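Single-structure report; data block below.
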Amino acid sequence: MAKKSTKKEKGKETVCNDVNCPIHGTLPTRGIVLEGVVTSDKMNSTVIVQRNYLIKSKKYNRYKSSKSRIPAHNPPCINAKIGDDVRIMECRKLSKTVSFVVTEKL
């Protein structure tokens, strides 16, 4: 069972009873740790995190900017919104597309 804990943020109390929370639940994290910006929070307890990075072209010896959009589980105790910088970590598959979880806001 997941532990119930409260977290005070600016006068509000939020109860995290999510089993898939890496802090209060039983979801183990492993492997890849990434940072990015939340670009969409329209799904239930899932956000889209966008990473911008550079790729070097061998032919032209220059850098090309690229991006990747990663769906990640958003626990209620973190509650990331659009525009937040977040750190995500790899976990087991939670759905067809989600295999990352938001661990903290930066």
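The values are calculated or read from the model by the stated rules, or taken from the named source; none is laboratory data. For clarity, every value in this text was computed on a predicted model and none was experimentally measured. Positions of Cβ are backbone-derived with ideal geometry, glycine not excepted, and every protein chain shown enters the neighbour counts.
Observations, loosely collected:
- Exactly one residue out of ILE78, ILE48 is under 22 Å from ASP18 (Cβ atoms), surrounded by 13 or more Cβ atoms within 10 Å (Cβ to Cβ), modelled with pLDDT of 95 or more and of a type in the set (Val, Ile, Thr): that is ILE48.
- Residues that are part of a strand (DSSP E or B) and in contact (Cβ under 8 Å) with a residue 60 or more places away in the chain do not occur anywhere in segment 59-75.
- Number of the condition not met by GLY36 [criteria: (1) modelled with pLDDT under 95; (2) in a strand (DSSP E or B); (3) not aliphatic (A, V, I, L, M)]: (1)
- The conditions of being out of contact with any Lys or Arg (no Cβ under 8 Å at 6 or more places or on another chain), at pLDDT below 90, small (Gly, Ala, Ser) and exposed (fewer than 13 other Cβ atoms within 10 Å of the Cβ) are met by GLY11.
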